[in-house]
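Computed from the coordinates by the stated procedures, all read-outs in this text should not be read as laboratory data. Model, not experiment: these values are computed from the prediction.
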Amino acid sequence: MTGADTRLPHGYTNATGKSGGVVRKSYLGPDPLGRAAVERAALTGLHGRFPVPALVPDAPEGSLWLAEVDGRHAQEVIADGRAGEVLRLCGETRRLLSEIDPSTVPGLPGDGDVIVHGDFGPQNMLLTETGDVVLAVIDWELCRLGAAVDDLAWTEWIVRTHHPEAVGHLGELFAGYGERPEWSLRHEAMLAACRRCRDFCVRWDAPAAVAMWEDRIRATEAFTE
C-alpha cells in the first residue's frame, strides 16, 4: 500500500487501500504468497462468470491490485435494518457459485465438489446503492474446494456473532440458497472454520488473536438452532 492510498474500512487481516480507482491489497500473516496466488487464480477463473472485481496488472509479488468496485458494503445494509434482503442475496449468490464448474479455477486446494469462498458472507459482499444487487464478492484468498455448507455456515456464524439482532432473518439465507442444511452439518462447519482461524493466528505467533479465537470456539460450541 502506498502512502497515497486511503485505507479501506472492513479490512481486517490484510493491508488494503485504494487510490486512483485501484484497490491495492498486501497480504499479512502466514504464507502471503500462497494466499495471493489462490486469490489471483479465483478472480481470473471467475471473471465474467461470477461477480468479482477485475484484476489490474503489474502488482508486485505478494500483492493484488483490483479495479475498485463502487458498491455499498452489505454489512452497512444490514445495519440499516435490511438483514433479510441481504441474507437472501447471500443465499442466491452462494447457489450461483455452486453452479460453476470447479475446473474453472484450476489448482485450488481442498477436496470437494464445489468452489468454496472460505470467508463468505455480508462482510465480503458489495451491493448496489439500493442494496438489491450483488456487484462483487471480494477477498478470495481462502478459496478452496469443499462443500457449499461451509460458506452457508460461515455466513450464519457471522450473523450470530456480529449481527445477533438479525438471527431471526437467517431463514432468508437458506430460502435464497434453496436448501437448509442440517444443523449438525452447519454447526460442525462453523467450528471447523473457527479452528482454522485460530490455527492461522497460531502460525502468525499472535497470542492475543489465538485467545480471541479460543473464546469464539467456546461460544460457537454453545450455539443451538
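What the phi angles of the stretch 74-84 give under the Karplus curve with 6.51, -1.76 and 1.60, with θ = phi - 60°, is a coupling list of 5, 5, 5, 5, 4, 4, 7, x, 10, 4, x Hz, glycine and proline written as x. Residues whose amide H comes within less than 5 Å of that of residue 73, counting only those at least five positions distant or on another chain, are 127 (H built at 1.01 Å from N in the peptide plane).
The base-10 log of I(q)/I(0) for the chain, evaluated at q = 0.07, 0.08, 0.12 Å⁻¹, reads -0.21, -0.27, -0.64 [Debye formula, identical scatterers on Cα atoms, solvent excluded]. Database remark: amide H of residue 15 closer than 5 angstrom to the amide H of 26, 28 (H placed geometrically; neighbours at sequence offset of 5 or more, or on other chains; Pro and chain starts carry no H). In whole percents, the pair-distance distribution calculated for the stretch 10-96 from its alpha-carbon pairs, binned every 5 Å from zero, is 3, 12, 18, 21, 20, 16, 8, 2, 0.
In the stretch 72-182, what % of DSSP beta bridges are antiparallel (nearest 5)? Provide the component values of the computation, followed by the final result.
Working: 8 of 9 bridges.
Around 90 percent antiparallel, to the nearest 5.
For the stretch 147-201 versus the stretch 42-116, the inter-centroid distance based on Cα atoms is 17 Å. Couplings for the stretch 205-222, taken from phi via the Karplus curve 6.51 cos²θ - 1.76 cosθ + 1.60 with θ = phi - 60°, read 6, 10, x, 5, 5, 4, 4, 4, 6, 4, 4, 5, 4, 4, 5, 5, 4, 7 Hz in order; Gly and Pro are left as x.
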